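The values are calculated or read from the model by the stated rules, or taken from the named source; none is laboratory data. This one's a predicted model, so the numbers in the text were calculated from it and none came from an experiment. A quick note on method: Cβ atoms are made from the backbone with ideal geometry, for glycine too, and the neighbour counts reach across all protein chains shown.
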Amino acid sequence: MKENLIVTGGLGFIGSNLIKLLLKKNFSVINIDNVSYSSNFYNLKDLPKKNYKFIKCDINNKKKLINIFKISKPLAIFNLAAETHVDRSIDTPKSFIESNIVGVFNLLEAFRKHCKKFKKTKLIHISTDEVFGDIIKGRSNEDYPYRPSSPYAASKASSDHLVSSYVRTFNIPAIVTNCSNNYGPQQHPEKLIPKLIYNILNNIPLPIYGDGKNSREWIFVEDHCDALFQVFKKGKIGEFYNIGSNKNYNNFEIAKKLINISSQHIKLGNDVKIKYVKDRPGHDKRYALNSDKINKKLLWKSSTDINNGLKKTFLWYLNNEKYFKSIKKFHIIKRLGNI
């Protein structure tokens, strides 16, 4: 009998990619998702029904979570249920508090009850490099102080602290990971790279905030999922692990790379050009992680070159244009966080 794993937020970008990996690794997977605007059944449309189950549930529903855990006895829970878009957190911070803080609290309470009876289980809480705030020089390791700049980052920082406190106070078996900017197939087009690809495919100018020099450490989503699997298999309870590629590119460089890659596969329209727009409030200049710990302790390292990853990503969207049609156009083209 296959062992059960739970992925919360499994209809989202990283969650859906993780589910595909876990099924390949011969586990049974239960996907818990509240089916919000960023959830998309298209992401898992080709999955075989065998060894996969979807349950609609908000992580704030502690009673339902307790029942799911009791029945399924998961070997691990990967928590990816979260509000994640910085611009959206500027417009409506409340939903980020409700999902990323109160939701994680309820998940922890349900898990605390579960792990008393099921000793083999563990919780992997997936977080972000944005909790560290601006890293103008060098790279932030796991001991770097949290200095979040946006309501999104602050809500994720709060959730990390909650998980860590439950490990210390209640002795729950949990691990926290902080990852750099993900990109790849199935990402909602409110995020930079899929938005640029959408605009390229629809002959629309490519909006870049400010001067385009905001730098991010980019990691291909499949590399991130592989790291999460290694954390599940070999990670130490109570530890934090940074997950990154050690490669930084600014937004202008990413846009230029996508224009170049797409030009090799389609004829570009006349309006496919970079257009600088008003910057986002509180926009961090640079994120950069030190991932030496996971490299050395768990023997994991990202393997996808940015050009190869962007090519795979562009071709997926090119071959899955129905994906964009599964999302309300308002959520693709509407500018958020512009106060």
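Just give me the residues in the stretch 191-214 being closer than 15 Å to residue 273 by Cα and either assigned to a loop (DSSP other than H, G, I, E, B) or without any contact (Cβ under 8 Å) to a residue 40 or more places away in the chain (or both), in sequence order.
202, 203, 204, 205, 211, 212
Can you say whether residue 68 is aliphatic (A, V, I, L, M) and assigned to a helix (DSSP H, G or I), as far as the supplied structure shows? Quick ask: steps written out before the conclusion?
Numbers: aliphatic (A, V, I, L, M): yes; assigned to a helix (DSSP H, G or I): yes.
Taking the combined requirement at face value, the residue satisfies it.
Any idea which of (1) of a type outside the set (A, V, I, L, M); (2) farther than 30 Å from residue 143 by Cβ; (3) touching a Ser or Thr at 6+ places or on another chain (Cβ under 8 Å) is the one residue 285 doesn't satisfy?
(2)
Say we look at the stretch 282-329 and pick out the residues that are among the small types (Gly, Ala, Ser) and modelled with pLDDT under 95; which of these is farthest from residue 144 (Cα to Cα)?
Narrowing the stretch 282-329 to residues among the small types (Gly, Ala, Ser): 282, 288, 291, 302-303, 309, 326.
Going one step further and asking which of them are modelled with pLDDT under 95, we end up with 282, 326.
Numbers: 282: 20, 326: 40 Å.
Selected residue: 326.
Sort out which residues of the stretch 41-62 are surrounded by fewer than 21 Cβ atoms within 10 Å (Cβ to Cβ) and within 20 Å of residue 177 (Cα to Cα), and write them in order of number.
Those that are surrounded by fewer than 21 Cβ atoms within 10 Å (Cβ to Cβ) and within 20 Å of residue 177 (Cα to Cα): none in the stretch 41-62.
Have a look at 133, 138 and point out the one that is at positive phi and either acidic (Asp, Glu) or within 20 Å of the chain's Cα centre (by Cα) (or both). Reasoning before the result, please.
Numbers: 138 fails: either acidic (Asp, Glu) or within 20 Å of the chain's Cα centre (by Cα) (or both).
Answer to the check: 133.
Being crowded, with 20+ Cβ neighbours inside 10 Å, touching a Leu at 6+ places or on another chain (Cβ under 7 Å), closer than 26 Å to residue 244 by Cα and in contact (Cβ under 8 Å) with a residue 12 or more places away in the chain narrows it down to one of 126, 135, so name that one.
On the way: 135 fails: touching a Leu at 6+ places or on another chain (Cβ under 7 Å).
Criteria check complete, one pass: 126.
Given 295, 320, which one is in contact (Cβ under 8 Å) with a residue 40 or more places away in the chain and surrounded by 14 or more Cβ atoms within 10 Å (Cβ to Cβ)? Let's see the steps before the verdict.
Values: 295 fails: in contact (Cβ under 8 Å) with a residue 40 or more places away in the chain.
Criteria check complete, one pass: 320.
Scan the stretch 265-284 residue by residue and report those that are more than 20 Å from the chain's Cα centre (by Cα), in a loop (DSSP other than H, G, I, E, B) and either of a type in the set (Ser, Thr, Tyr) or surrounded by fewer than 18 Cβ atoms within 10 Å (Cβ to Cβ) (or both).
Of everything in the stretch 265-284, those that are more than 20 Å from the chain's Cα centre (by Cα), in a loop (DSSP other than H, G, I, E, B) and either of a type in the set (Ser, Thr, Tyr) or surrounded by fewer than 18 Cβ atoms within 10 Å (Cβ to Cβ) (or both) turn out to be 265, 266, 267, 268, 269, 270, 271, 273, 278, 279, 281, 282.
Let me spell it out: the conditions are (1) touching a residue at least 12 places away in the same chain (Cβ under 8 Å); (2) more than 30 Å from residue 145 (Cα to Cα), and residue 267 meets all of them except one. Which number is the exception?
Going through the list (1) touching a residue at least 12 places away in the same chain (Cβ under 8 Å); (2) more than 30 Å from residue 145 (Cα to Cα), residue 267 breaks only (1).
So which residues in the stretch 323-335 are in a helix (DSSP H, G or I) and either over 19 Å from the mean Cα position of the chain (by Cα) or surrounded by fewer than 18 Cβ atoms within 10 Å (Cβ to Cβ) (or both), if there are any at all?
Of the stretch 323-335, the ones in a helix (DSSP H, G or I) are 323-325, 329-333.
Residues satisfying the conditions are 324, 325, 329, 330, 331, 332, 333.
Please enumerate the residues belonging to the stretch 16-40 that are surrounded by 24 or more Cβ atoms within 10 Å (Cβ to Cβ) and free of Cβ contacts under 8 Å to residues at least 24 places away in the same chain.
none
Collect the residues in the stretch 9-35 that are of a type in the set (Gly, Ala, Ser), touching a Gly at 6+ places or on another chain (Cβ under 9 Å) and under 18 Å from residue 65 (Cα atoms), keeping them in residue-number order.
The answer is 9, 15.
Answer with yes or no whether residue 245 is outside any helix (DSSP H, G or I) and of a type outside the set (Phe, Trp, Tyr).
Here the answer is yes, as residue 245 does meet what is asked.
Return a yes/no flag: does the stretch 32-44 have any residue that is among the hydrophobic types (A, V, I, L, M, F, W, C), in a loop (DSSP other than H, G, I, E, B) and more than 15 Å from the chain's Cα centre (by Cα).
Looking through the stretch 32-44, at least one residue is among the hydrophobic types (A, V, I, L, M, F, W, C), in a loop (DSSP other than H, G, I, E, B) and more than 15 Å from the chain's Cα centre (by Cα).
If we scan the stretch 62-77, do we find a residue that is within 29 Å of residue 332 (Cα to Cα) and of a type outside the set (Val, Ile, Thr)?
Initial filter on the stretch 62-77 (within 29 Å of residue 332 (Cα to Cα)): none.
Within the stretch 62-77, none of the residues are within 29 Å of residue 332 (Cα to Cα) and of a type outside the set (Val, Ile, Thr).
Could you list, in sequence order, all residues of the stretch 146-199 that are within 15 Å of the chain's Cα centre (by Cα) and small (Gly, Ala, Ser)?
Initially, the stretch 146-199 is screened for residues within 15 Å of the chain's Cα centre (by Cα), giving 152-153, 155-157, 159-160, 176-194.
Of everything in the stretch 146-199, those that are within 15 Å of the chain's Cα centre (by Cα) and small (Gly, Ala, Ser) turn out to be 153, 155, 157, 159, 180, 184.
From (1) surrounded by fewer than 16 Cβ atoms within 10 Å (Cβ to Cβ); (2) over 30 Å from residue 146 (Cβ atoms); (3) in contact (Cβ under 8 Å) with a residue 60 or more places away in the chain, pick out the condition that doesn't hold for residue 260.
Among (1) surrounded by fewer than 16 Cβ atoms within 10 Å (Cβ to Cβ); (2) over 30 Å from residue 146 (Cβ atoms); (3) in contact (Cβ under 8 Å) with a residue 60 or more places away in the chain, residue 260 violates only (3).
Any residue at all in the stretch 8-15 that's aliphatic (A, V, I, L, M), surrounded by 21 or more Cβ atoms within 10 Å (Cβ to Cβ) and within 27 Å of residue 325 (Cβ to Cβ)? Can you show your working first?
Kept after step one, since they are aliphatic (A, V, I, L, M), are these residues of the stretch 8-15: 11, 14.
From what is left, the residues that are surrounded by 21 or more Cβ atoms within 10 Å (Cβ to Cβ) are 11, 14.
Filter once more, so that each one left must be within 27 Å of residue 325 (Cβ to Cβ): 11, 14.
Checking the stretch 8-15: at least one residue is aliphatic (A, V, I, L, M), surrounded by 21 or more Cβ atoms within 10 Å (Cβ to Cβ) and within 27 Å of residue 325 (Cβ to Cβ).
Which members of the stretch 70-105 meet the condition of being surrounded by 19 or more Cβ atoms within 10 Å (Cβ to Cβ) and without any contact (Cβ under 8 Å) to a residue 60 or more places away in the chain?
Of everything in the stretch 70-105, those that are surrounded by 19 or more Cβ atoms within 10 Å (Cβ to Cβ) and without any contact (Cβ under 8 Å) to a residue 60 or more places away in the chain turn out to be 96, 99, 100, 103, 104.
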